[in-house]
Amino acid sequence: MKKHRLATFSTALVTGIMIWVGSTVTSGQQGGPPDHPAVTVFGRTYTPASILSRNMGTADDQTTAFTPHRIIANIYYVGTRTLSSFLVVTPQGNILIDTTYERNVPTIRKSIEQLGFTFSDTKIVLGNHAHGDHQEGDALTKQLTGAQVMAMAEDVPALQAMKPGGKEHPIDRVVHDGESVTLGGTTLVAHLTAGHTRGATAWTTRVQDGGRNYDVVFFSSLRAPNVVTPDIEKEFDRSFAVVRKLPCDVPLGDHPAQYEMTDEFARVKPGAANPFIDKANCLREATIQEAVYRAVLDEQRKEPKITR
Ligand SMILES: [Zn+2]
């Protein structure tokens, strides 16, 4: 009897371990990137999983407004704690970069109004890349404001597949690498920085502030997907070279952690230097992402081919 109990217990234990291992493998494949390889850059250690969690924060972080604020010149932050949304204000209406999740549109609207602007003045909607946490709210924003939604050609298929509540993703203008979007005297240039998505785009603009010119870059994520195919490898190799050449004084990112927004915002003081002007750190995020990407590639090459 005793032996039998022990055997039953061991079987249960083994089954339990197998289920636990099984669920870990499953979550690694479907629930997000793995927690390896680890690379240390600028004294901090990163893995694909740690970068995703740094970018996204908690469910609350994704939907809670961060204090809306002016970044520089006519550029404002109107996003949540972990999902960036930028408002570019012009005399002929405003450009909104990244509507984030559809459920955040009322939050973004409130942030715009808190700054003293009007949501229905949104004339153009741009995106950094075709993932739901950045562009799912485009259809609702267009419904509420009548804005023109513009998208990088290579991201059009992914955007067309994004249909919150069955709504078609609006695309009023297809933009190609190097083309620009102008409204009320502000021009934004689209730079294809593919890899994270096929049409991931860094938007750049030049602003005047305090009598000086500054180059602002709205970087898109350069985080490698779980499996880097030869096509994606070509895209990343090109993109890392592209971002290194972009003129930059003010680096921004589609997740605030990419430019350490919280720390910079804490340093905003009347009379102090604008902490968002941070030329020295323009390539910090790209350097971190490239290190992780190279390590992911190395690991992938060393892994024995899995045949099914
Ligand atoms: Zn993404």
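Since every read-out is calculated from the coordinates, none of them should be taken as a lab result. Just so it is clear, the model here is predicted, and its values are computed rather than measured. Backbone-built Cβ (ideal geometry, glycine too); neighbour counts: all protein chains shown.
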Looking at the chain, send over the antiparallel percent of its DSSP beta bridges, to the nearest 5.
-> 70 percent
Proximal charge balance of MET150 [Cβ under 15 Å; K/R count +1, D/E count -1] = -4
What ranking do 281-290, 50-59, 116-125 get when scored by the average of other Cβ atoms within 10 Å per residue, highest first?
-> 281-290, 116-125, 50-59
Name the shape class, rounded, prolate or oblate, that the alpha-carbon gyration tensor gives for region 49-142, where a ≥ b ≥ c are the square roots of its eigenvalues, rounded holds for a/c under 1.5, and otherwise prolate holds if a/b is larger than b/c and oblate otherwise.
-> prolate
Under the Debye formula (equal points on every Cα, no solvent term), log10 I(q)/I(0) of the chain at q = 0.09, 0.16 Å⁻¹ | -0.48, -1.37
Mind running the shape call on region 205-274? Use the C-alpha gyration tensor, a ≥ b ≥ c as the square roots of the eigenvalues: rounded below 1.5 for a/c, prolate if a/b tops b/c, oblate otherwise.
-> oblate
What distance in nm separates the simple spin-label points at ASP60 and ARG173, each placed 7 Å from Cα in the Cβ direction?
-> 4.1 nm
Taking the chain, how many lysine pairs are there with alpha carbons less than 22 Å apart, if each pair must be eight or more places apart or span two chains?
-> 12
Residue-wise, which Karplus ³J(HN,Hα) couplings in Hz belong to region 145-157, taking 6.51 cos²θ - 1.76 cosθ + 1.60, θ = phi - 60°, and x for glycine or proline?
-> 10, x, 4, 8, 9, 10, 9, 5, 3, 5, 9, 4, x
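Between beta-carbons, use under 15 Å as the cut-off and find the net charge around ASP215, counting Lys and Arg +1, Asp and Glu -1. Spell out each step's value before the answer.
Details: positive: ARG206, ARG212, ARG244, LYS245, LYS279; negative: ASP209, ASP249, ASP278.
Local charge sum for ASP215: +2.
Taking 2.2 N^0.38 Å as the expected size of a compact globular protein, what ratio does the Cα radius of gyration of region 155-287 give against it, to two decimals? Provide the component values of the computation, followed by the final result.
Numbers: Rg = 16.5 Å, N = 133, 2.2 N^0.38 = 14.1 Å.
That works out to 1.17 for region 155-287.
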Name the long-range amide H neighbours of THR80: under 5 Å, sequence gap of 5 or more, or other chain; modelled H, no Pro or chain starts.
-> PHE66, SER85
Helix 105-114: angle to the longest alpha-carbon principal axis of the chain, degrees 0 to 90, nearest 10?
-> 40 degrees
